[in-house]
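The values are calculated or read from the model by the stated rules, or taken from the named source; none is laboratory data. Model, not experiment: these values are computed from the prediction. Here the Cβ positions follow ideal geometry from the backbone for every residue, glycine too, while neighbour counts run over all protein chains shown. Accessible surface areas use protein heavy atoms only, side chains included; no ligands, DNA or RNA. Shrake-Rupley method; radii C 1.70, N 1.55, O 1.52, S 1.80 Å.
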Amino acid sequence: MARQERAVRTRRAILEAAAAVFDERGYDAATIADILSRAGVTKGALYFHFSSKQELAQGVLDEQFAEGGVPHRESKLQELVDVAMVMAYRMKREPMLSAGARLSLGPGMRDIFGGGSVPGWIEFTRTLLVRAKQQGELLPHVDPAETAWILSACWTGAQIYSQTLNDREDIEQRVAALYQHICPSIATPAMLGRLDMAPDRGERVSAEMRLGPGPGPGAAQEPEPALP
């Protein structure tokens, strides 16, 4: 058991180091030597867990789904807003999430990672929107698949603009404004009046999550409950 725990800690240290290096330098400029130096582990330990730089980067991408969850909400539209706001709050604080975005969206990354985490986030968003519509939270005209694509694209654009113009200092305000603009066109009036889309929503939900782990996005795709 102690050996397994050490292996888990070592793997996590390697992933965190890789995320920091990928986030700072990009995939092409990052080297295994950089990651080894940052992680403080031996080459053998790194290659025990990851066979290549590409596999390391894929591990960073996968962590978006392990870490991007929030507590389940009765309202699936609120749950979707919570995911967006928590990601905005944590992205400017945690290289793992920031690096995942860079690996998904950087030049040439599609050829290496097939879109990175983008298809998964779109499907995750679609799944929550389907549940929201089943529960009567969305207006009749809303197409969950089309809306999922638009929301995911808008969230991505907001974080890229925020990074480019302000080093993500205003990302929470920008993402909150995004949902405040879009939700009136998709939510029923009754649902809209109950939604919490404040800029500090991500910080408050993150504090709630520290009291207990929330499910990752993958969990939201299980039959019960039924995002980019």
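Annotation: residue 133 carries an accessible surface of approximately 70 Å², with a 1.4 Å probe and no ligand, DNA or RNA atoms counted. Here's the picture: charge each Lys and Arg Cβ at +1 and each Asp and Glu Cβ at -1 in the chain, and of 22, 49, 211 the one pushed furthest to the positive end of that dipole is 49. Here the range 1-88 is treated as a sphere whose radius is the Kirkwood value from Cα pairs; by Stokes-Einstein at 37 °C and 0.692 mPa s it diffuses with a coefficient of 227 µm²/s.
Near residue 187, the amide H atoms lying under 5 Å from its own belong to 139; only residues 5 or more places off or on other chains count, and H is placed 1.01 Å from N.
The Cα center of the range 174-198 and the Cα center of the range 75-96 differ in position by 15 Å. Calculated mean residue ellipticity at 222 nm for the chain: -22000 deg cm²/dmol, from DSSP H runs with n ≥ 4 weighted as -39500 (n - 2.57), summed, divided by the residue count and rounded to 500. With all protein chains in place and ligands, DNA and RNA left out, the 1.4 Å accessible area ranks 183, 154 as 154, 183, largest first. Near residue 185: Cβ cut-off under 13 Å, other residues only, Lys/Arg at +1 and Asp/Glu at -1. The net charge is -2. Once the 1.4 Å probe is applied to the protein heavy atoms, the chain comes out at 49 Å² accessible per residue. The listed residues 149, 155, once ranked by accessible area (1.4 Å probe) with the largest placed first, stand as 149, 155. Other residues with beta-carbon under 13 Å from the beta-carbon of residue 146 carry, at +1 per Lys or Arg and -1 per Asp or Glu, a net charge of +1. Whole-Hz Karplus values for the range 135-152 come out as 8, x, 8, 10, 5, x, 7, 6, 9, x, 5, 5, 5, 4, 4, 5, 4, 5 Hz, taken residue by residue from phi with 6.51 cos²θ - 1.76 cosθ + 1.60 and θ = phi - 60°; glycine and proline positions read x. Along each principal axis, taking the top coordinate minus the bottom one, the Cα set of the chain gives 57, 42, 30 Å in descending order.
Once Rg and the Kirkwood radius are both taken over the C-alpha atoms of the range 135-204, their ratio Rg/Rh works out to 1.01. In this simple spin-label approximation, residue 25 and residue 203 carry label points 7 Å from Cα along the Cα→Cβ vector, and these lie 3.4 nm apart.
I'd like to know which of 189, 70, 60 lies farthest towards the positive end of the charge dipole of the chain, counting +1 on Cβ of Lys and Arg and -1 on Cβ of Asp and Glu. So the residue furthest toward the plus end is 60. Return the FRET efficiency for the residue pair residue 194, residue 173: r is the Cβ-Cβ distance, R0 is 22 Å, and the value is rounded to the nearest 0.05. Working from the Cβ atoms, E equals 0.55.
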